[in-house]
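Here's the structure, in structure tokens; my notes come after.
A short reminder: the numbers here are calculations on the coordinates, not readings from a lab. As the structure is a computational prediction, the values presented were derived from the model and not from experiment. Here the Cβ positions follow ideal geometry from the backbone for every residue, glycine too, while neighbour counts run over all protein chains shown.
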Amino acid sequence: MQILVFMAKNQGRVIKRDELLNAVWSETVISEVLNNTVAILRKSLGDTKSPRRYIETIPKQGYRLIAPVVWHDVEEPADASTSSDNSASSKSQSQSSIFKNKRILLTNMVAIFIVAIILFQYTKPFEPSEVEDKHQTIAILPFDVFDTEQQTEIYAEGLVEELIHQLALDPNLRVTARTSSGVFKNTKKDIREIAAILGVRYLIEGSIRQNNTESRVTVQLIDSLKGFHIWSKTFDHLKDSNILETQEFIATKISALISPNAINTTNQVIQKRSHPKSSEAYKKFLLAQAYMKSVEIQNLQKALKLYQEAIELEPNYALAHSGVAAAHLLLYQYNFGSIRETVAKASEAIDRALELEPNLAEAFSVRGLMKVYQYNYKVAEENFIKAIELKPALRFARHNYGFLLWNSGRIEEALEQFQIALSMDPLSPITNFGVGDSLMKLGRLNEAEEHYKHCQNILPNEYSCSLGIARTYKLKGDLKQSQHFTEIATDLSKGKNFYVNLNAAFIELASGRYEEAKSKISALKNISAGNYYLLKLDLILNLAQSSLTQFENEVKELIIKHPRNDNFNRLLATTAYFQNNCEITIAQYQKTFIKTKKLNVSIHDYDVGLSHGLNLAYCFKQRNLTNKAEIHLKEFKDFIQELPASSQNIQGKLYNEARYLKLSGKDIEAKRILMRLQSWEFIWLAKLDPIWSNPD
């Protein structure tokens with residue numbers, strides 16, 4: 001409320017983050033508190049979609065209330081005033097004491113909300129993260145399987161996955177994704193401990209037992225707060241019969257038991273996922289869903305085959321068509337197949353799914369991811385927003401929308417989507433990494449480190465948590481600690497993860513072990529030759545070894561193959577910059593303006609001291625285009641000023657501050673910073689940097 005009042009008093013003005021923190025909190029708090037509070041306020045106002053209608057985020061600056069505000073005068077109640085003599089001044093006294101008198105504050109707040117409702121005629125949708133009451137939170141643990149056949153195990157996983165989807169259709173429930181609950185398979189942890197880790201009150205345990213002809217499914221609903229079972233039931237049916245009705249009954253019954261707004265009767269029917277009557281087609285779908293949760297190529301191929309077999313049995317199975325598209329895209333993501341072939345197959349499957357079910361959220365979500373791979377971010381965002389409107393609890397849409405926003409440089413918005421996805425799937429390694437990396441990109445290194453260490457604590461066997469810690473230390477310039485956590489991540493990933501090996505290559509390069517760095521970079525090119533961060537390292541290595549020509553030719557070939565990838569244009573522009581060729585530098589950087597209207601500013605580039613904006617500003621100055629140079633100098637200054645205190649000692653950032661001062665004509669201040677950086681591993685770049693070598 002205090003944030004809303006403060007913003008209302010400053011309607012239309014950009015309010016700096018520090019100003020908001022100082023105005024609302026009397027004690028010192030981390031900036032994450034402000035982010036979370038604004039997010040809660042937006043959800044309360046229903047302002048969760050783009051474009052914003054109430055509170056607008058101004059990147060690298062702060063927030064602005066854009067909705068109209070109407071203030072209503074409120075007379076102070078007689079018993080709240082210490083003086084009743086001066087009736088002429090009572091109104092002004094009443095207004096000045098608004099924060100002292102809770103009754104007046106409440107009345108004003110009601111007025112603001114009434115005006116807002118009238119102005120926007122808003123009907124508030126459900127957001128998964130809004131479910132704060134643990135009475136409405138639930139997780140389904142992996143079912144015990146009493147069968148020696150591996151397929152029964154996989155079938156049970158698919159059954160749990162589909163039951164999660166079915167429960168998630170109840171807007172009153174927050175259901176934890178299987179990625180998180182699946183961690184507790186065969187665990188010896190206490191029910192209360194599991195519930196605390198997942199942040200839920202209710203847990204579902206189950207088992208499946210099969211023989212040659214019959215199948216038995218047992219389900220138990222447990223209240224972790226009270227520590228006892230509140231409902232259990234056993235379902236017997238023929239092994240090959242359709243268990244869809246059983247699953248729907250379970251979801252409906254559980255919703256009725258724990259959802260306060262549900263009708264407490266087993267006859268209540270919540271929205272259903274559309275599955276065919278064919279038990280065999282449904283079983284293949286369940287198996288495919290289970291295989292999709294593994295990122296191994298052979299399992300994704302099995303999932304694709306099972307989806308296709310389900311479609312052969314039931315050609316109008318929309319969810320299976322959507323699954324086919326998702327499988328093709330995930331296979332492409334792991335370097336299996338070309339983008340052209342993948343898009344052709346995925347598009348056909350998505351179109352068929354939406355022809356059968358025009359409001360299938362899963363199909364819109366998969367199309368969004370496909371458009372991301374095609375660099376068509378506008379259409380991708382439209383599809384993700386549509387998917388979220390149709391199904392707010394669809395984690396796939398939330399996470400991948402976050403990925404799109406992250407990729408577009410809209411990091412605060414990306415963080416918001418990642419956090420919503422994480423509330424559904426708190427033990428998801430990739431979403432935990434998305435949250436941590438977004439915090440890093442915002443310069444909130446201490447918060448990122450804290451998040452990654454929490455991730456490491458709850459997921460001790462996941463390499464991504466240790467990798468995240470290693471990357472925060474890399475930016476902070478602590479190579480020893482970065483190497484330590486990189487080695488932990490290497491052991492956990494068995495040396496097979498691209499980004500873990502990329503961090504190891506950085507450490508070799510920063511340590512001056514160029515041949516070792518070259519060997520690692522060459523090996524990584526066989527996996528992903530077009531990765532921006534890999535090519536950035538290769539650029540720095542070639543600068544150190546005075547061999548830019550070969551690197552330049554490589555990047556030119558990549559631009560021919562991928563003309564829509566702006567990262568390659570930035571790298572070629574940087575190469576031309578170090579060759580002091582401002583004509584090509586300007587031309588290549590300006591190609592990226594067509595879509596984004598600005599250069600991509602990333603704090604991750606400061607690990608080696610790159611700043612595309614300052615490179616371009618230098619070249620504009622060389623061409624006497626002073627006004628254009630000033631635009632990019634201001635962009636750099638704004639970005640630096642908005643970074644929190646935890647990022648102030650990043651040495652690559654300090655190096656670029658020195659470059660900024662040099663370009664701004666403040667040579668003495670620039671040289672002072674350079675003197676402080678003599679121990680920086682990449683200080684040798686200053687000898688090759690045209691900003692320092694050119695007297696102009």
Entries of Lys453/Lys496; Lys496/Lys525; Lys302/Lys391 with Cα pairs more than 19 Å apart: Lys453/Lys496; Lys302/Lys391
Sequence of Ser274, Ser322 once ranked by neighbouring C-beta atoms within 10 Å, starting from the fewest: Ser274, Ser322
Cα-based convex hull volume of the stretch 534-576 per residue, rounded to whole Å³: 57
Taking the convex hull of Cα positions in the stretch 314-457, its mean projected area over all directions (nm²): 8.9
Radius of gyration and Dmax over the Cα atoms of the stretch 542-693, both given in Å: 15.1, 45
3J(HN,Hα) from dihedral phi, the stretch 620-627, Karplus parametrisation 6.51/-1.76/1.60, rounded to Hz, x for glycine, proline: 4, 5, 5, 9, 6, 9, 4, 4
Rounded to whole Hz, the Karplus (6.51, -1.76, 1.60) HN-Hα couplings of the stretch 556-572, x for glycine and proline: 4, 5, 5, 5, 4, 6, 10, x, 9, 8, 5, 4, 5, 5, 5, 5, 5
Potential extension, Tyr514-Gln374 segment - 0.36 nm per residue separation minus Cα distance: 46.9 nm
Proportion of all alpha-carbon pairs of the stretch 374-420 beyond 17 Å (%): 23
FRET efficiency for Arg13 and Ile631, using Cβ-Cβ distance with R0 set to 41 Å, rounded to 0.05: 0.95
Per-residue ³J(HN,Hα) for the stretch 61-71, Karplus 6.51 cos²θ - 1.76 cosθ + 1.60, θ = phi - 60°, Hz, x for Gly and Pro: 10, x, 10, 9, 7, 9, 6, x, 10, 10, 9
Other-chain or far-sequence residues with amide H under 5 Å of Arg13's (modelled H): Leu65
Cα-based convex hull volume of the stretch 428-528 per residue, rounded to whole Å³: 92
FRET E, pair Gln2, Arg672, Förster distance 60 Å, beta-carbon r, rounded to 0.05: 0.90
